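Following: one structure in structure tokens, then a few remarks.
The values are calculated or read from the model by the stated rules, or taken from the named source; none is laboratory data. All values reported here derive from a predicted model rather than from experimental measurement. Ideal geometry is used to build each Cβ from the backbone, glycine not excepted, and the neighbour counts take in all protein chains shown. To get the accessible areas, we keep the full protein, side chains included, count just its heavy atoms, and leave off ligands, DNA and RNA. Shrake-Rupley method; radii C 1.70, N 1.55, O 1.52, S 1.80 Å.
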Amino acid sequence: MKKNVLRISHIIHHSKKLRNAPNLLRQEQALLVRFFSHDAQPSIDIWKAHRHSCVPSERARVCRSSSSTTKSLSGTFTRDVSTTMKLGNSLSGSVSNKQLSCMQVQLRRGFSSDAALPPHQELGMPSLSPTMSEGNIARWLKKEGDKVSPGEVLCEVETDKATVEMESMEDGYLAKIVRGDGTQGIKVGEVIAITVEDEEDIAKFKDYTPSASGASAAAAKESPEPTPPKKEVVVEPVTSPEPKVSKPSAAAPSGDRIFASPLARNLAEEHKVPLSSIKGTGPDGSIVKADVEEYLASHGKEAPKAKGGAPAALALDYTDIPHSQIRKITASRLLLSKQTIPHYYLTVDTCVDRLMDLRGQLNALQEASGGKRLSVNDLVIKAAALALQKVPQCNSSWTDDHIRQFHNVNINVAVQTENGLFVPVVRDANKKGLSSIAEEVRQLAQKARENSLKPEDYEGGTFTVTNLGGPFGIKQFCAIINPPQSGILAVGSAEKRVVPSSGPEQYKFASFMSVTLSCDHRVIDGAIGAEWLKAFKGYIENPESMLL
């Protein structure tokens, strides 16, 4: 009975300590984890070193003290500090695997075995816009060995939308530039440079090369449980070389039935290509037309020979133009828009005679006062903003849980440049005067042509206006919605038409401009879109109302 009481008190004593383990793990300066054996042996202490700020001499001293401590504990724990993380399972579930993995990463960093490198900081490719997944280094403004201070510009990064300056966050020296000028396709978080605190440490990073594979391998070794699945994933790519040559040769002698679409079968017969030599990518491995075309393209020299000695087709002369970041992101976003947003289009013709008269009067006043001239697009932006204020349902966006209706009317304006299509934003356009809108659009367009837009210059728009009429004479077109917005207005050119006049058999000339509203049907119903176009047309045909 007495032995049972002692055993129960022993369990209660240890369970209290175990309940305290998560609190100990959350401490930042010193981390004390205790593992309790069944024989109530002395506990094992694991010290958490600071990250890269741990001086090598101090690091070695801490490692030596911790290793000597482990040797004195009855020989039950003799591995290094990183191995002690495996004791987490003995804490009866009190410590989560997430906390243990974080602790292991910090310990591995603090007790780095690479004593040749001094304390340093790795600068990764920053995420400078919500849609950025990779970036390019346009140019470095600092050289290796330069001293850097907080706020100083290190380099210019070409993001998916603009070229942005990357600033230093701390004092130090730029020891190594890992990714030089013009490097493209750098993933967010990938190391691009190394900084150190002391100038004498710069030379030690002359031949430094960060090993991304080593870091990923270390991350894989840190968690003992995920390692078996990773070994299975490594085995799978071994089967990927099948599509090279072995697949068609193996398929030829087999007598199994080959599934192909009728169009693919006819195309293969026309070019006298055996279906057994073509790898299918359709459902269940069936051969489709694209597979036959790809085969013919890859065997272009062999196909003409099968046509009774017909002369081989002349090779096309072409130039491959690399994708820019803005081109890649524009392609992906517009493809996403057309595939996921149910577009519909509403077109209306607006008489712009009074608008042109008012513009002429305002430009005369602007020139007299030394101001800049107003464009038709400036008046269109103002009319669209006021129409959004009048019909706020069109100033909204779709989310999975609700429709978000914005109280700010921020108009994105499409600007075409040599580098691609940019959409800088005019904020609170409904509250600004025409001269303010004209000046802001002019400045943003200039920055877009210089590829110097900052994220605040193009983020936060709620509606977009694109005009191909004035500059290019396009009569009418349909634009693709700029997600996550729910509407975009496509503005065509103005043309003169003969229209009936007030009297019988009387006619007159009038200028009309076609505009097309692209709507997201999830947010804007047809009647709501028509109501917005009616309001927009009212402001265009009665432009004086925009000045009230």
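Listing for the model above:
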quantity: Every pair of residues 6+ apart whose Cβ atoms lie under 7 Å, when the first sits in the range 335-348 and is open to solvent by 40 Å² or more (accessible area, probe 1.4 Å) while the second is basic (Lys, Arg); calculated: Pro342/Arg522
quantity: Only one of Asp428, Asp457 that is under 30 Å from the mean Cα position of the chain (by Cα) and open to solvent by 40 Å² or more (accessible area, probe 1.4 Å); calculated: Asp428
quantity: Residue match in the range 516-526 (condition: in contact (Cβ under 8 Å) with a residue 40 or more places away in the chain, open to solvent by 10 Å² or more (accessible area, probe 1.4 Å), not in a loop (DSSP other than H, G, I, E, B) and not hydrophobic (A, V, I, L, M, F, W, C)); calculated: yes
quantity: Subset of the range 394-412 (residues that are of a type outside the set (S, T, N, Q) and open to solvent by 10 Å² or more (accessible area, probe 1.4 Å)); calculated: Trp398, Asp400, Asp401, His402, Ile403, Arg404, Phe406, His407
quantity: Residue in the range 480-490 that is within 25 Å of His343 (Cα to Cα), of a type outside the set (Val, Ile, Thr) and open to solvent by 30 Å² or more (accessible area, probe 1.4 Å) present; calculated: yes
quantity: Long-range neighbours under 6 Å by Cβ, at least six apart or interchain, first residue in contact (Cβ under 8 Å) with a residue 60 or more places away in the chain and within 14 Å of His120 (Cβ to Cβ) within the range 167-195, second among the β-branched types (Val, Ile, Thr) and surrounded by 14 or more Cβ atoms within 10 Å (Cβ to Cβ); calculated: Val191/Val178; Ile192/Val178; Ala193/Ile177; Ala193/Val178
quantity: Residues of the range 427-443 satisfying the condition of being farther than 29 Å from His323 by Cβ and not small (Gly, Ala, Ser); calculated: Arg427, Asp428, Asn430, Lys431, Lys432, Leu434, Ile437, Glu439, Glu440, Arg442
quantity: Selection count where residues are open to solvent by less than 60 Å² (accessible area, probe 1.4 Å) and either outside any helix (DSSP H, G or I) or in contact with a Leu (Cβ under 6 Å, 6 or more places away or on another chain) (or both), scope the range 259-297; calculated: 12
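Each row is one residue, and each column tells you yes or no for (1) assigned to a strand (DSSP E or B); (2) among the aliphatic types (A, V, I, L, M).
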{"position": "Gly151", "(1), (2)": "no, no"}
{"position": "Cys155", "(1), (2)": "yes, no"}
{"position": "Met166", "(1), (2)": "yes, yes"}
{"position": "Met169", "(1), (2)": "no, yes"}
{"position": "Ala175", "(1), (2)": "yes, yes"}
{"position": "Asp181", "(1), (2)": "no, no"}
{"position": "Gly189", "(1), (2)": "no, no"}
{"position": "Ala193", "(1), (2)": "yes, yes"}
{"position": "Glu200", "(1), (2)": "no, no"}
